[in-house]
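The values are calculated or read from the model by the stated rules, or taken from the named source; none is laboratory data. This is a predicted model, so every value here is computed, not measured. No Cβ is skipped: glycine too gets one built from the backbone with ideal geometry, and neighbour counts run over all protein chains shown. Surface areas here come from the heavy atoms of the whole protein model, side chains and all, with no ligands, DNA or RNA. Shrake-Rupley method; radii C 1.70, N 1.55, O 1.52, S 1.80 Å.
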Amino acid sequence: MISNNDITTRAIEWALGGLEQRSQTIADNVANAETPGFRGSEVSFENELRSALQTGHMDRTPSVSVAHTTNPAGANGNNVRLEDEMVDMIATNLSKSAMIQSFNYKADILRAAIRS
Amino acid sequence: MSSFHSLDIAATGADLGRTWLDAVAHNIANVNTVRPYDEEPFRAKLVHAAAVDGPGGTGDGVRIVEILEADGTAPEVYEPDHPFASQEGAVKRGVVDLVGQMADMIGAQRHYQANLSVIRSSREAYEAAMQIGR
């Protein structure tokens, strides 16, 4: 760990934690796409992360919330929209890659500083 | 559960899709099955699935609760020459809703494919995570 107080690292950790939970929720929604009466869930953490970044309180525990989606349910009471889940899955993966690249960029800068 | 949780969850969904497809195949294979008139007719197998609740509000996938059999009365046709016919010449056929089974087959296949997509995508994401710090 670089430093617990490093804002960039904390923000990336927070985002990766939220994105991983979002991946799991999408996997659960798709697994239950045909389960009668099942209501899909969605994960949000961006607003909390943004306000933490704005106020500079990055030392608190990352806040990630899970809530049921409000899509209307189909004939069997299931409200999962498979197409939306597939798109969200791709977007979540790309965000994860972006976070990992950001972290690696940060690590490269530190490595350069150590070498010089 | 492993640390690659999305994979485990998608696997439960793919497992349901495969079981469901197996049941549909069995039902369609038996759509013309005739049993002796005084015996129970063939009844279509129906998969009962339910969501699994997980910790922290995130679900843990889906599980197969039980395999049920279709209820309803068996359709009868008049075939007096049939060896399984009753005294009155009625033959009891299986309880299979063929149109419903064909629709279920598409649903099961789509469900299986969607979960395989999640498995593929999760694997790529976890592989990317292996690059942290490289």
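Inside the range A:33-55, can you point out the residues that are assigned to a helix (DSSP H, G or I) and within 11 Å of another protein chain (Cβ to nearest Cβ)?
none
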State whether one or more residues within the range B:96-115 are closer than 22 Å to A:S23 by Cβ and basic (K, R).
yes
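Within the range A:88-99, is even one residue within 21 Å of B:Q131 (Cα to Cα), among the charged types (D, E, K, R) and within 21 Å of the chain's Cα centre (by Cα)? Please lay out each step first, then the result.
Taking the range A:88-99 and keeping what is within 21 Å of B:Q131 (Cα to Cα), we get A:89-99.
Now restrict to residues that are among the charged types (D, E, K, R): A:96.
From what's left, within 21 Å of the chain's Cα centre (by Cα): A:96.
Scanning the range A:88-99 turns up at least one residue that is within 21 Å of B:Q131 (Cα to Cα), among the charged types (D, E, K, R) and within 21 Å of the chain's Cα centre (by Cα).
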Select from the range A:69-91 the residues that are among the polar types (S, T, N, Q), touching a residue at least 12 places away in the same chain (Cβ under 8 Å) and more than 12 Å from chain B (Cβ to nearest Cβ) and write down the one among them that is surrounded by the fewest Cβ atoms within 10 Å (Cβ to Cβ).
A:N71
Specify the residue that is most open to solvent (accessible area, probe 1.4 Å); the eligible residues are those in the range A:100-116 that are touching a residue at least 24 places away in the same chain (Cβ under 8 Å) and within 9 Å of chain B (Cβ to nearest Cβ).
A:F103
Which is modelled with pLDDT of 90 or more, of a type in the set (A, V, I, L, M) and assigned to a loop (DSSP other than H, G, I, E, B), of A:V80, A:V30?
A:V80
